[in-house]
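One structure below.
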């Protein structure tokens, strides 16, 4: 499976611990990340396909992969209290997950449930 992982700056520190606890699941899938999030993924020696950072079009690149049926799940670990200048791209990505019925987690508890579901796939 190809899983997209995106994390806003306010969630990146927590992402490290989350990935460490889910490394056995994550390493069995192809991961697609935005550029800055990929730096954290690479700390765990996981192969990752990198797109641009979110503000430079990475969210749109992942959205295009959703439309092309290349992405089968999205973990978009958002910082709900932060301001994001690329909010229209974020909303487009979230909308396309709904349109194409791609499972989407926007917080760590939902990401945990989603990854546990994909554990044996």
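FYI, it's all coordinate maths here, none of it is from the lab. In this text the structure is predicted, and so the values were computed from the model without any measurement. Please note: Cβ atoms are built from the backbone with ideal geometry, for glycine as well, and neighbour counts cover all protein chains shown.
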Self-check item: Sequence of 39, 65 once ranked by neighbouring C-beta atoms within 10 Å, starting from the fewest
Solution: 39, 65
Quiz item: Sorted from fewest to most neighbouring beta carbons within 10 Å, what does the list 1, 92 look like?
Solution: 1, 92
Quiz item: Hey, what did the chain get for relative contact order, percent, Cα under 8 Å, at least 6 apart?
Solution: 30
Quiz item: At a Förster distance of 25 Å, what's the computed FRET efficiency of residue 39 paired with residue 107, Cβ-Cβ distance as r, to 0.05?
Solution: 0.75
Quiz item: What's the exposure ranking of 53, 68, 21, 38, going from fewest to most Cβ atoms within 10 Å?
Solution: 68, 21, 53, 38
Self-check item: From the coordinates shown, log10 I(q)/I(0) by the Debye sum over Cα atoms at q = 0.11, 0.20, 0.21, 0.23 Å⁻¹ corresponds to which of (1) -0.30, -1.12, -1.26, -1.57; (2) -0.41, -0.98, -1.05, -1.19; (3) -0.45, -1.13, -1.20, -1.34
Solution: (1)
Quiz item: What is the spin-label model distance, in nm, from residue 21 to residue 99 if the labels are put 7 Å beyond Cα along the C-beta direction?
Solution: 3.4
